[in-house]
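Engineer: Got a structure for you, written out below as structure tokens; questions coming shortly.
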Amino acid sequence: MKWFNNRYRYPRILLAVLMTSAVVSMTACQGSKQAGSSQNMETTAAAESVSMAEIEETLAEKKTEESEGCGILRGTVIDGSDYSESITIRTDNGNDYNIFTTSVPLEEITTIKPGQKIAIAYSGTVEGEDLQGVQLVVTLNPQVQYEIKTATGVTVSNAMSTFIVKDGEGEEVSFMKDNCEMEEGALSKDSGDEVKVVYVTSADTDINYPLKIGKAQ
């Protein structure tokens with residue numbers, strides 16, 4: 001009987017070792033699956049977080065580029081050039097706009113060609129693909145982030161191509177006088193006119209382009 005136990009003791013030990021190894025392997029596999037699942041969840045959450053951040057940034061940029069019935073039309077030239085009578089631009093939402101090149105001066109860009117990004121400051125309300133009633137004021141650098149602001153104050157200078165307004169805080173803001181919507185009599189004197197100016201500006205440039213000039217109420 002003792003011989004029988006000695007003979008079969010090693011297979012039993014081997015079987016126990018194999019069972020223990022299997023349990024350890026299953027535990028490790030489950031741990032790996034849990035770790036992988038956790039990592040996938042973290043990756044998905046990070047991707048969603050980046051997407052939301054990008055969306056919020058885009059909305060913030062759009063908000064600063066629309067104010068007081070003015071805005072910036074951004075898109076890509078799909079037809080025409082600065083030598084053409086008109087060009088067609090397509091915005092990111094797929095709307096196409098046909099624009100006469102003589103109706104908007106080139107300021108921040110010097111040429112227009114198909115495939116080129118373009119930004120145009122305007123006053124009025126853009127509805128769908130209809131630009132009727134919209135005044136296109138000036139072409140801008142499409143690589144720059146602009147902001148539409150309002151200055152209310154008294155003119156301290158009014159020249160042929162520029163004018164300066166001193167606001168309520170005593171800050172003087174100078175403007176180019178070019179192609180913008182202007183209320184009759186708003187700039188009637190060399191100085192002393194009380195005005196409200198809606199304009200487009202950028203931290204990357206010292207030039208302020210007025211989009212609407214009216215009498216201060």
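Engineer: Using the basic label-point model (7 angstrom from Cα toward the beta carbon), what is the residue 159 to residue 184 distance in nanometres?
Structural biologist: 2.9 nm
Engineer: Give me 70, 180 sorted ascending by neighbouring Cβ count inside 10 Å, so fewest comes first.
Structural biologist: 180, 70
Engineer: Sticking with this structure for a sec: When a/c is below 1.5 the answer is rounded, else prolate if a/b is larger than b/c, else oblate, so apply that to the stretch 62-217 with a ≥ b ≥ c taken from the square roots of the Cα gyration tensor eigenvalues.
Structural biologist: Since a/c reaches 1.5 and a/b is larger than b/c, the shape of the stretch 62-217 is classed as prolate.
Engineer: Same structure again: So if we plug the beta-carbon distance of residue 177 and residue 129 into 1/(1 + (r/R0)^6) with R0 = 25 Å, what FRET efficiency do we get, rounded to 0.05?
Structural biologist: 0.25
Engineer: How do 160, 176 rank when sorted from fewest to most other Cβ atoms within 10 Å of their own Cβ?
Structural biologist: Final ranking by Cβ density, sparse to dense: 160, 176.
Engineer: To make sure I understand, if each residue's beta carbon is the centre and we count other beta carbons within 10 Å, what order do 165, 126, 195 fall in, fewest to most?
Structural biologist: 126, 195, 165
No value in this document is a laboratory result; all are computed from the given coordinates. Since this is a predicted model, take the numbers as computed values, not measurements. Every residue, glycine among them, receives a Cβ derived from its backbone with ideal geometry; neighbour counts consider all protein chains shown.
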